[in-house]
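Okay, so here's the structure we're looking at.
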Amino acid sequence: MTNPLSTTEIAQQLIRAGSEIVDSGLALASAGNLSIRLDDDHFMVTASGTWLNRLDRTSFSIMDLAGDVVEGADKPSSEWKLHQRAYLARPDIGSVVHVHPAHAILLDALGHPVRLVTLDHAYYVGSIGRTPYHPNGSDELADTAAEQLAEHNCVIMGNHGSTTVGDDCDMALRRALNLENAAELTYRALLAGNGDLEFPWGSEPHLHHA
Ligand SMILES: [Zn+2]
């Protein structure tokens, strides 16, 4: 699959997504990293040390799926392996969003599964994988997340963050937002004494809007 957008347009999508992520509280300061696939063998990823709400044209590296930087910033995000392994595991996806959503991380650390409450959660999130804690930037972190991404579009990485994928950056971002919203509602449900909410699956959820 080759992205029909130019690298300038792809960078613009990442810049916009980065500021939306910080505005919505999914990542603080320089936490989190994003990428968009360019073609079967390349992706553009945020560079090391970038703040997601301060991205500009110089904030990106273009890498191949072997893990080499071929253009742009010399030092990609410390989590570049997460993106590389996700694209290798999911030839169908066009974007990877990795952020640090507070409620999703907290619930997972407390041993509670995130419950899907609304139609949006069911439609965008669908199912959630998880991985145990592994150090930032490690092969183990990237490989275990990719294993889960083979089966789920949303993965919580223990004591660390979430990784969501989609056809494009907007979908990966919507999934991250809905995962965190589901976690927040699950947290409130637990406070209200209900820990076992279930979405009323039965037929495939379809959105009447959007
Ligand atoms: Zn992270």
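The values are calculated or read from the model by the stated rules, or taken from the named source; none is laboratory data. This one's a predicted model, so the numbers in the text were calculated from it and none came from an experiment. Cβ coordinates were reconstructed from backbone atoms using ideal geometry, including for glycine residues, and neighbour counts include every protein chain displayed.
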- If you scan the range 87-117, which residues turn out to be small (G, A, S), more than 16 Å from the ligand (Cβ to nearest atom) and either free of Cβ contacts under 8 Å to residues at least 24 places away in the same chain or out of contact with any helix residue (DSSP H, G or I) (no Cβ under 8 Å at 6 or more places or on another chain) (or both)? G111
- Please find, within the range 1-26, the residue that is modelled with the lowest pLDDT out of those that are away from the ligand (no atom under 16 Å from the Cβ), surrounded by fewer than 16 Cβ atoms within 10 Å (Cβ to Cβ) and in a loop (DSSP other than H, G, I, E, B). M1
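For (1) in contact with a Lys or Arg (Cβ under 9 Å, 6 or more places away or on another chain); (2) buried (at least 16 other Cβ atoms within 10 Å of the Cβ); (3) within 17 Å of S78 (Cα to Cα); (4) in contact (Cβ under 8 Å) with a residue 40 or more places away in the chain, each residue gets a yes or a no:
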| residue | (1), (2), (3), (4) |
| --- | --- |
| A146 | yes, yes, yes, yes |
| D167 | no, no, no, yes |
| L191 | no, no, no, no |
| G202 | no, no, no, no |
- Item | Residue in the range 84-102 that is nearest to the chain's Cα centre (by Cα), counting only those that are among the β-branched types (V, I, T) and buried (at least 24 other Cβ atoms within 10 Å of the Cβ) | V97
- Message: Based on this model, can you work out whether E184 counts as surrounded by fewer than 20 Cβ atoms within 10 Å (Cβ to Cβ), modelled with pLDDT of 95 or more and within 22 Å of P200 (Cβ to Cβ)?
- Response: yes
- Message: Checking the structure you have, find out if any residue of the range 132-153 is within 16 Å of the ligand (Cβ to nearest atom), part of a strand (DSSP E or B) and not aromatic (F, W, Y).
- Response: no
- Query: Restricting attention to the range 63-72, which residues are surrounded by fewer than 22 Cβ atoms within 10 Å (Cβ to Cβ) and touching a helix residue (DSSP H, G or I) at 6+ places or on another chain (Cβ under 7 Å)?
  - Reply: L65, G67
- Message: If the requirement is being in contact (Cβ under 8 Å) with a residue 24 or more places away in the chain and either buried (at least 18 other Cβ atoms within 10 Å of the Cβ) or touching a helix residue (DSSP H, G or I) at 6+ places or on another chain (Cβ under 8 Å) (or both), which of these qualifies: K75, K81?
- Response: K81
- Task: Being under 13 Å from R16 (Cα atoms) and not acidic (D, E) is the filter; apply it to the range 49-58 and report the residue that is surrounded by the most Cβ atoms within 10 Å (Cβ to Cβ).
- Result: L52
- Message: Can you pull out every residue in the range 27-48 that is within 13 Å of the ligand (Cβ to nearest atom) and either farther than 21 Å from I93 by Cα or surrounded by fewer than 24 Cβ atoms within 10 Å (Cβ to Cβ) (or both)?
- Response: A27, L28, A29, S30, A31, S48
- Message: Looking at the range 191-202, can you tell me whether even one residue there is within 25 Å of S24 (Cα to Cα), of a type in the set (A, V, I, L, M, F, W, C), away from the ligand (no atom under 16 Å from the Cβ) and in contact with a His (Cβ under 8 Å, 6 or more places away or on another chain)?
- Response: yes
